[in-house]
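Take this structure, written in structure tokens, and hold onto it; I'll ask about it next.
The values are calculated or read from the model by the stated rules, or taken from the named source; none is laboratory data. Everything numeric in this text was worked out from a predicted model, so none of it was measured. Ideal geometry is used to build each Cβ from the backbone, glycine not excepted, and the neighbour counts take in all protein chains shown.
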Amino acid sequence: MVKRQGDKLVAVPYSEEYKQWLEPAAKLLEQAAAKTSNPSLKKFLSLRAQSFRTDDYFQSELAWMDLKDTPIEVAIGPYEVYTDTLYGRKTAFEAFVTLKDPKESSALDVYKGRLRAMEQNLPVEEKYKNFQRGFESPIAVADQVHGGGDNVPGVQTIAFNLPNDERVREAKGAKKVICAMCSAPSTSGS
């Protein structure tokens with residue numbers, strides 16, 4: 001958050017400015033982590049709770065990319081910059097809670113193994129191709145059971161490709177989630 005302090009502008013971290021909402025959300029994420037028996041989901045939820053308190057999302061984004069053996073696909077955090085009409089850099093929080101469709105997701109597995117070849121065959125100059133990025137890039141088909149924040153207003157999302165952090169993309173790639181049934185009704189206050 002950029003705020004005026006006298007005649008200066010100061011940056012206030014989200015964790016400080018929005019603490020009244022982020023702290024309860026962090027506690028709920030910790031409660032969810034305590035209830036799951038899935039180690040990768042437990043790790044992600046715990047690290048994301050910590051991220052809400054520190055504004056450092058790198059480790060929790062890596063943990064999100066490593067989610068496995070869980071039917072739940074949850075993405076929650078400050079991701080999108082669409083509403084920042086000044087510089088397109090200020091992120092807005094959003095949430096997706098989805099359930100994976102294993103049959104439809106496995107039908108897309110063939111593409112995961114071909115990502116490097118697709119990059120190689122792009123009709124652009126070689127200097128624009130990036131073979132240093134991670135190519136793990138999971139692809140899942142899921143049904144959205146809840147959405148919140150920037151996921152709710154306006155045109156409804158039918159897929160998301162996250163994380164946006166280039167460091168995570170370089171290390172692991174990005175996860176693509178295609179919603180077979182997206183934009184499920186959300187409760188107020190999401």
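Report, by residue number, each residue of the stretch 1-18 that is among the polar types (S, T, N, Q) and within 17 Å of SER51 (Cβ to Cβ). First the steps, then the outcome.
Going residue by residue through the stretch 1-18, those that are among the polar types (S, T, N, Q) are 5, 15.
If the condition is that a residue be among the polar types (S, T, N, Q) and within 17 Å of SER51 (Cβ to Cβ), then SER15 is the only one that fits.
Do we find that THR91 is surrounded by 17 or more Cβ atoms within 10 Å (Cβ to Cβ), farther than 26 Å from PRO39 by Cβ and either hydroxyl-bearing (Ser, Thr, Tyr) or at pLDDT 90 or above (or both) in this structure?
Numbers: surrounded by 17 or more Cβ atoms within 10 Å (Cβ to Cβ): yes; farther than 26 Å from PRO39 by Cβ: yes; either hydroxyl-bearing (Ser, Thr, Tyr) or at pLDDT 90 or above (or both): yes.
Judged against the criteria, THR91 is a match.
Show me the strands (runs of 3 or more DSSP E) entirely contained within the stretch 134-181 in which 3 or more residues are in the same structural domain as GLU94 (by TED's automatic domain parsing) and at pLDDT 90 or above.
Details: elements: 139-149, 159-162, 175-181.
Once the strands (runs of 3 or more DSSP E) in the stretch 134-181 are filtered for at least 3 residues that are in the same structural domain as GLU94 (by TED's automatic domain parsing) and at pLDDT 90 or above, what remains is 139-149.
So which of LYS42, LYS35 ends up being surrounded by 16 or more Cβ atoms within 10 Å (Cβ to Cβ) and without any contact (Cβ under 8 Å) to a residue 12 or more places away in the chain? Walk me through how you get there before you give the answer.
Details: LYS35 fails: surrounded by 16 or more Cβ atoms within 10 Å (Cβ to Cβ).
Unique residue meeting the criteria: LYS42.
Within the stretch 1-83, which strands (runs of 3 or more DSSP E) (wholly inside it) include 1 or more residues that are within 19 Å of GLY148 (Cα to Cα)? I'd like the intermediate steps shown before the answer.
Values: elements: 2-5, 8-11, 72-80.
Once the strands (runs of 3 or more DSSP E) in the stretch 1-83 are filtered for at least 1 residues that are within 19 Å of GLY148 (Cα to Cα), what remains is 72-80.
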